[in-house]
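The values are calculated or read from the model by the stated rules, or taken from the named source; none is laboratory data. A quick note: this is a predicted structure, and the numbers were derived from the prediction, not measured. Cβ coordinates were reconstructed from backbone atoms using ideal geometry, including for glycine residues, and neighbour counts include every protein chain displayed. Just so you know, the surface numbers come from the protein's heavy atoms only, side chains and all, with ligands and any DNA or RNA stripped out. Shrake-Rupley method; radii C 1.70, N 1.55, O 1.52, S 1.80 Å.
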Amino acid sequence: AKSALSAEAFRESLGLPTGKAVQLQRLPSVGVEMERVKAFEELKRNLRSWCTASGSPRYPSVAFERWWYSARDYKTFDAGADPLLPAPELAEDATLLSDLEHVGFARKEAQQIARRLSSASASAARRVAKAKGSALAEVVEANRSEDGQEVELVCASAGAKVKLHAVAFKKLRRLYELHSARGASPFEQAALVLALRYQALGGGGFQLALPPSAWQSLEEHFA
């Protein structure tokens with residue numbers, strides 16, 4: 001059997017700091033994470049709007065996702081940078097410029113859109129950094145579906161709601177029990193923040209997870 005990749009080895013494979021350079025931080029509140037997700041979704045909408053403002057559909061395939069990967073600076077991740085909203089040093093991201101020009105934008109138009117997206121993202125990151133959220137005041141409920149296949153996490157005060165497959169929820173709980181630091185957020189709260197982050201990252205061409213119906217099919221036909 002293959003051994004599981006340790007968190008230390010995983011971070012090293014991504015070029016992220018390891019060992020003493022890694023500082024465990026308490027998770028942000030669900031409310032703050034919701035503000036982050038809303039800002040992220042607004043950036044997606046803005047890019048698509050700017051690309052189609054002239055009336056012609058010229059949005060490059062997965063342009064936002066490609067920009068996000070390119071604009072992220074992993075060296076600053078453990079130095080307080082926002083984990084989701086890039087604040088690029090280069091306003092004109094080369095990947096986005098290339099994608100925009102590929103679908104017909106003139107160089108000057110592409111540069112303008114790239115600068116607008118970079119500025120909007122940096123501004124959103126600063127806004128989220130100032131957001132106030134009281135993790136202690138947040139209550140996250142875990143409601144299991146009638147058939148027991150799904151768990152819905154709900155935080156009414158933050159207006160947050162996500163569904164997880166019951167098997168995944170159980171596995172997350174076990175991993176949390178093994179690796180959470182003393183004084184960390186309650187499991188349900190941590191799981192909801194994690195699910196919101198994954199939900200925000202979902203995009204065209206992304207294969208982040210299988211829905212419950214797909215898991216059921218696998219169990220029925222291949223178990």
Quick shape check on segment 28-107: root eigenvalues a ≥ b ≥ c of the Cα gyration tensor, a/c under 1.5 is rounded, otherwise prolate if a/b tops b/c, else oblate, and it reads oblate
Within segment 84-128, find all residues whose amide N lies under 18 Å from a label point positioned 7 Å from the Cα of Ser54 along Cα-to-beta-carbon. 96-117
Cα-based radius of gyration of segment 77-196 once divided by 2.2 N^0.38 Å, which approximates compact folds: 1.46
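Length gain on complete extension for the stretch Glu146 to Val103, per 0.36 nm per residue less the alpha carbon to alpha carbon distance?
Extra length available between Glu146 and Val103 comes to 10.7 nm.
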Asn46 to Ser157: FRET efficiency via 1/(1 + (r/R0)^6), r the Cβ-Cβ distance, R0 30 Å, to the nearest 0.05? 0.60
If the reach is capped at under 18 angstrom between alpha carbons, list the aspartates and glutamates near Lys161, excluding any in the same chain fewer than eight residues apart. Glu33, Glu35, Glu41, Glu138, Glu141, Glu146, Glu150, Glu152, Glu188
Where the convex hull is taken over the Cα atoms of segment 109-163, what is its projected area averaged over directions, in nm²? 6.4 nm²
Loop trypsin sites (Lys or Arg not before Pro), segment 152-202, which have at most 16 other Cβ atoms in a 10 Å radius of their Cβ (DSSP): Arg182
Find the accessible area per residue for segment 115-190; the probe is 1.4 Å, ligands and nucleic acids are left out, and the unit is Å². 66 Å²
Among the listed pairs Lys130/Lys171; Lys132/Lys171; Lys38/Lys132; Lys132/Lys163, those beyond 27 Å (Cα-Cα): Lys130/Lys171; Lys132/Lys171
If you plug each phi of segment 80-85 into the Karplus form 6.51 cos²θ - 1.76 cosθ + 1.60 with θ = phi - 60°, what whole-Hz ³J(HN,Hα) values come out, in order, with x for Gly and Pro? x, 5, 4, x, 10, 9
In segment 58-119, the GluC sites (Glu not before Pro) that sit in a DSSP loop and have at most 14 other Cβ atoms within 10 Å of their own Cβ are Glu89
Leu90 versus Ser70: modelled label distance in nm, points set 7 Å from Cα along the beta carbon direction: 0.8 nm
